[in-house]
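The values are calculated or read from the model by the stated rules, or taken from the named source; none is laboratory data. Treat the numbers as computed from the prediction; the structure is a model and nothing was measured. The area values use the complete protein model at the heavy-atom level, side chains included, leaving out ligands, DNA and RNA. Shrake-Rupley method; radii C 1.70, N 1.55, O 1.52, S 1.80 Å.
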Amino acid sequence: MQITINNQLMEVEADLSLETLLGQLGLLAEESSQGVALAVNRKIISRSQWVFCQLNHGDEITLIKATAGG
């Protein structure tokens, strides 16, 4: 199925949860997932719901990762 992540089309397997997708992208490790905010189809998904959020063909995911700096 196709989804869009930050305006980039991506082909992924069907029956994929948001948590599984983040694992495949290398963003699930505790240090990597700190400061990550996600929205699916413009609806913010809390970290506790990532495992339950099933992705569908055509979903638009916005991923924001905070970075340190100054």
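Got a number for the accessible area of R47? Probe 1.4 Å, square angstrom, nearest 10.
110 Å²
Accessible surface of V51 in the full protein assembly, 1.4 angstrom probe, to the nearest 10 Å²?
Accessible surface of V51 is approximately 70 Å².
Report, by chain and number, residues whose modeled amide H sits under 5 Å from the one on I45, excluding near sequence neighbours (fewer than 5 apart, same chain).
Under 5 Å from the amide H of I45 lie the amide H atoms of L38, A39, V40, each far enough along the sequence or on another chain.
Ordering T4, T20, T67 from largest to smallest accessible area (1.4 angstrom probe), what's the sequence?
T67, T20, T4
Over all Cα pairs of the chain, how is the pair count split among 5 Å bins, expressed in % and running from 0 up to the last occupied bin?
Going out from 0 Å in 5 Å bins, the chain shows 4, 16, 30, 29, 14, 5, 2, 1, 0 percent.
What does the helix-only formula give at 222 nm for the chain: each DSSP H stretch with n ≥ 4 adding -39500 (n - 2.57), the total divided by the residues, and the result rounded to the nearest 500 deg cm²/dmol?
That comes out to -3500 deg cm²/dmol.
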